[in-house]
Amino acid sequence: MSILLFTLIVLIGAFLAGLLGSLTGLGGGVIIIPLLTLGLGVDIHYAIGASIISVIATSSGSAAAYVKEGITNIRIGMFLEVATTASAIVGVVIASYIKADYIVVIFGFILLFSAVMMLKKKIDHSNNEKTSILANYFKLNGSYPTEGKIQQYAVHRVVGGFSMMFLAGILSGLLGIGSGALKVIGMDNIMKIPFKVSTTTSNFMIGVTAAASALVYLHKGQINPAIAMPVTIGVILGATLGAKILIRTKTDKLKVVFAIVVTILALQMIYKGLTGTI
């Protein structure tokens, strides 16, 4: 395969990954890494390196818009980033000592988990009656604009949410994905933060978490510009278009289709990882 053809395939694939990832909320990494490893035979470590760079780019762009709208809780994001950035570096170190086949299997199971979370009904939490002592101490409670008014919310179980961020960071560094699903679980299900706030704050955090692990992958020489550049450009273009479509389109049916596709990719990656044929 020529370099030009390879770049074109990666660019188109990354565009579709960014588009679908934006519409479904999973991000482009869940498609990019299977595309590069299963479809084009790229080493898993270089696929992860390219995915991390695209995660930084897309997160930085969309996070700025959410911060401007006043939905993102920057204080919560910076507090939880202490856990995610430190553990992301741990994840990269772990990746250096385990076989690529094992990484592929772990990635497959995370894909399955992401597919399930995508279809799970979201519950919006706005319980202002009680809050955590730590939330008060660190001033994590906040508000966000919704339906023409300002909605106050309280933060709960800070320690549990902080602990979940350690796991999310490790998987982010190990697999080159944003681990948005785990971050949202930590904030939405454990800390009881409203879903809009948890998803936008997660997006704000993802870029910083990815940047920490990207430095290590760059030092190890596992970020190849020939792969990372078309991946990043394609994902940004696809995610931008997806954000515009999302405003005018219901994506419930698309999420079901995408969950099926992700499940198939996950099972294939698990099989190839277990059999050592990747």
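The values are calculated or read from the model by the stated rules, or taken from the named source; none is laboratory data. This is a predicted model, so every value here is computed, not measured. All Cβ positions, glycine included, derive from the backbone under ideal geometry; neighbour counts span all protein chains shown.
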- prompt: Of (1) modelled with pLDDT under 80; (2) out of contact with any helix residue (DSSP H, G or I) (no Cβ under 7 Å at 6 or more places or on another chain); (3) of a type in the set (A, V, I, L, M), VAL197 satisfies all except one. Which?
  reply: (1)
- line: Condition set β-branched (Val, Ile, Thr) and buried (at least 24 other Cβ atoms within 10 Å of the Cβ), scope the range 201-226, selection farthest from GLY41 (Cα to Cα): answer is THR201
query: Restricting to the range 39-63, what's the tally of residues that are modelled with pLDDT of 85 or more, touching a helix residue (DSSP H, G or I) at 6+ places or on another chain (Cβ under 9 Å) and surrounded by fewer than 17 Cβ atoms within 10 Å (Cβ to Cβ)?
result: 3
- line: Within the range 143-170, of all residues that are among the β-branched types (Val, Ile, Thr) and touching a residue at least 12 places away in the same chain (Cβ under 8 Å), the one surrounded by the fewest Cβ atoms within 10 Å (Cβ to Cβ) is VAL159
- request: Could you grab me the full set of residues in the range 133-156 that are of a type in the set (Phe, Trp, Tyr) and closer than 14 Å to PHE195 by Cβ?
  value: TYR144, TYR153
- request: Please find, among LYS244, LYS196, the residue that is buried (at least 18 other Cβ atoms within 10 Å of the Cβ), over 24 Å from GLY173 (Cα atoms) and of a type outside the set (A, V, I, L, M, F, W, C).
  value: LYS196
task: For TYR137, state whether it is exposed (fewer than 15 other Cβ atoms within 10 Å of the Cβ), among the aromatic types (Phe, Trp, Tyr) and either modelled with pLDDT of 85 or more or farther than 16 Å from GLY70 by Cβ (or both).
output: yes
field: Count of the range 64-80 residues which are surrounded by fewer than 20 Cβ atoms within 10 Å (Cβ to Cβ) and modelled with pLDDT of 90 or more
entry: 3
- prompt: Is one or more of the residues making up the range 178-189 surrounded by fewer than 21 Cβ atoms within 10 Å (Cβ to Cβ) and assigned to a helix (DSSP H, G or I)?
  reply: yes
- line: Picking from GLY41, GLY29, GLY49, GLY77, the residue that is of a type in the set (Gly, Ala, Ser) and over 18 Å from the mean Cα position of the chain (by Cα) would be GLY41
field: Pairs, first over 15 Å from THR275 (Cα atoms) in the range 100-119, second of a type in the set (Ser, Thr, Tyr) and assigned to a helix (DSSP H, G or I), C-beta under 8 Å, six or more apart
entry: LEU111/THR263; LEU112/THR263; ALA115/THR263; MET118/THR24
- prompt: Which numbered condition trips up VAL90, out of (1) at pLDDT 90 or above; (2) within 30 Å of ASP252 (Cα to Cα); (3) touching a helix residue (DSSP H, G or I) at 6+ places or on another chain (Cβ under 6 Å); (4) not charged (D, E, K, R)?
  reply: (2)
